[in-house]
Amino acid sequence: MRTKQRFHWLRFCLLLVWSAILGWGLAQAATPSGTVDPVPERYQLGQQLYLENCASCHVGLPPAVMPSQTWADLLQDSQHYGVEITPLVQPPLQIVWGYVSNYSRPVLPRERTPYRLQQSRYFKALHPKVEFTEPATVNSCITCHPAAAQFDYRRLTPEWENAP
């Protein structure tokens, strides 16, 4: 009888340990690392092309910080913030548009389409308690997001890690 109880107790302990290990492993797999959002396979090429074309001159912004209309304008504009660029052409344009439009939001009715980062209500919503002493630019993101150059906006500088 005693042996049977030990066997059940041992089996229970092994099941508990196995469940804990499995749960931890699944939690690690589900936790996004690096980028802002986990990107499904169908948008990964769009993200890759976006980063290759945009993040080669400045940090790549997460599409969510600007509305869809801003992205539509930027992707077709040869005057990119005062710099002459060659806009993307088809099919890369459509692939990048699929990615940025999926992760951005529309402008509200009667809302002006922001062209600058600090004009975006999405950017402001993501940074509600941040007081900017200078206008925010795509390259100033590194001030608080040290891994922004690697498209990692989850990591923050120590002074912002536990900010309310």
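Only the coordinates and a few stated rules stand behind these numbers; no lab work does. Just so you know, these numbers come straight off a predicted model, no measurement behind them. Positions of Cβ are backbone-derived with ideal geometry, glycine not excepted, and every protein chain shown enters the neighbour counts.
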key: Between the stretch 48-107 and the stretch 124-164, the alpha-carbon center distance in angstrom   = 20 Å
remark   = The simple spin-label model distance between residue 42 and residue 118, using points 7 Å out along Cα→Cβ, in nm, is 3.9 nm
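For residue 129 and residue 73 in the same chain, what is the full-extension length gain: residue separation times 0.36 nm, less their Cα-Cα distance, in nm? It would help to have the intermediate numbers written out before the result.
Working: separation 56, 0.36 × 56 = 20.16 nm, distance 2.87 nm.
Separation in residues times 0.36 nm, less the Cα-Cα distance, equals 17.3 nm.
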key: residue 2 paired with residue 160, simple spin-label distance in nm, labels 7 Å along Cα-to-beta-carbon   = 6.3 nm
Packing rank of 132-144, 51-63, where each peptide gets the mean count of other beta carbons within 10 Å, highest leading = 51-63, 132-144
inquiry  = Test of understanding: what is the full-extension gain from residue 137 to residue 10, defined as 0.36 nm times their sequence separation minus their Cα-Cα distance?
reply    = 39.8 nm
inquiry  = Could you work out how much longer the chain between residue 150 and residue 58 gets when fully extended? Use 0.36 nm per residue separation minus the Cα distance between them, nm to one decimal.
reply    = 32.0 nm
task = May I ask for the percentage of alpha-carbon pairs in the stretch 41-161 that lie more than 18 Å from each other?
result = 53 percent
key: Under 5 Å, built H, 5+ apart or other chain: amide partners of residue 80   = 85
note = Once phi for every residue in the stretch 115-124 is put through the Karplus expression 6.51 cos²θ - 1.76 cosθ + 1.60 (θ = phi - 60°), the whole-Hz ³J(HN,Hα) values, with Gly and Pro written as x, are 10, 9, 3, 6, 7, 7, 5, 5, 4, 5
